[in-house]
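In what follows, a single structure is set out as structure tokens and then discussed.
Read-outs throughout are calculated quantities, based only on the coordinates presented, and are distinct from any laboratory measurement. What you see is a predicted model, and the numbers here were worked out from it, not measured in a lab. Here the Cβ positions follow ideal geometry from the backbone for every residue, glycine too, while neighbour counts run over all protein chains shown.
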């Protein structure tokens with residue numbers, strides 16, 4: 001039956017494991033198949049055309065393995081490729097992280113001035129700005145390209161003087177003055193693990209918004225509407241992992257993002 005199939009989740013690397021963690025908490029009966037395209041990360045510096053091609057290949061690999069829904073746990077791919085994926089794979093629901101993240105930021109902001117820190121590709125494409133303005137037309141959106149944060153997160157450098165210096169470099173100017181943003185939306189799934197460093201830099205009154213929980217709630221609702229929710233606990237392993245390169249590194253760094261230990265033997269190496 002369709003409801004017995006796993007939910008597919010993919011990202012350019014391990015950052016999407018923050019979304020997987022939220023999905024697993026929100027949907028405790030479900031099984032998940034996660035793909036990290038580690039051979040081609042980061043997506044954030046690639047052209048939109050390349051991101052669409054990579055995302056389509058990742059989605060196809062998961063669909064070939066029988067997933068019943070697809071969560072694009074990558075902000076860059078959600079921004080550039082969601083429409084293409086919906087058109088290419090109309091037989092299954094496809095959920096991105098941009099719209100849920102924008103909704104969470106709009107709900108959190110009192111002033112309507114929202115800063116979005118994301119990869120170069122996500123900021124350049126303007127998907128978050130468009131999504132926020134659809135929900136709150138008078139919103140002020142400040143986009144910040146934080147590409148170095150991806151490298152820091154992938155290295156596991158979530159704390160320390162280097163991380164703090166980079167955070168100051170990216171955020172000090174945006175949050176200077178009395179009319180600065182009151183909300184910082186983490187527009188890349190790599191960034192939640194850097195939240196303590198970000199919290200030290202932005203004003204204490206500013207809200208930090210992570211789209212993972214909102215995306216998980218959106219996935220739960222959509223699966224329910226489609227009649228795809230699993231009614232009994234999964235009999236197969238709940239979490240399975242695929243990577244296109246470096247399973248040892250995926251396991252080592254992925255443990256930080258997932259919040260629980262991963263072994264290299266838990267990660268299957270595939271070619272998409």
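Extension gain, residue 240 to residue 252: 0.36 nm times the residue separation minus the Cα-Cα distance gives 2.8 nm.
Structure remark: mean-square fluctuation, Gaussian network model of the chain, C-alpha springs under 10 Å; the largest value among 87, 195, 24 belongs to 87. Helical runs (DSSP H, four residues minimum) scored at -39500 (n - 2.57) apiece and divided by the length of the chain put the mean residue ellipticity at 222 nm at -13500 deg cm²/dmol. Result for the chain in a Gaussian network model with C-alpha springs under 10 Å: among 51, 67, 201, the largest mean-square fluctuation is at 201. Legend: translational diffusion of region 1-77 by Stokes-Einstein, Rh = Kirkwood radius over C-alpha pairs, 25 °C, 0.890 mPa s; D = 194 µm²/s.
Sorted largest first, the spans of the alpha carbon positions of region 44-175 along the three principal axes are 45, 37, 23 Å. With Cα atoms defining each centre, region 83-155 and region 188-243 are spaced 14 Å apart in the structure.
Using R₀ = 51 Å, calculate the FRET efficiency as 1/(1 + (r/R₀)^6) where r is the Cβ-Cβ separation of residue 65 and residue 134; round to 0.05. The pair residue 65/residue 134 has a calculated efficiency of 0.90.
Rounded, prolate or oblate: pick one for region 133-225, where a ≥ b ≥ c are the square roots of the eigenvalues of its C-alpha gyration tensor, a/c under 1.5 means rounded, and failing that, prolate if a/b is larger than b/c, else oblate. Verdict is oblate for region 133-225.
By the beta-carbon count within 10 Å of each Cβ, the least crowded to most crowded order of 256, 123, 92, fewest first, is 256, 92, 123.
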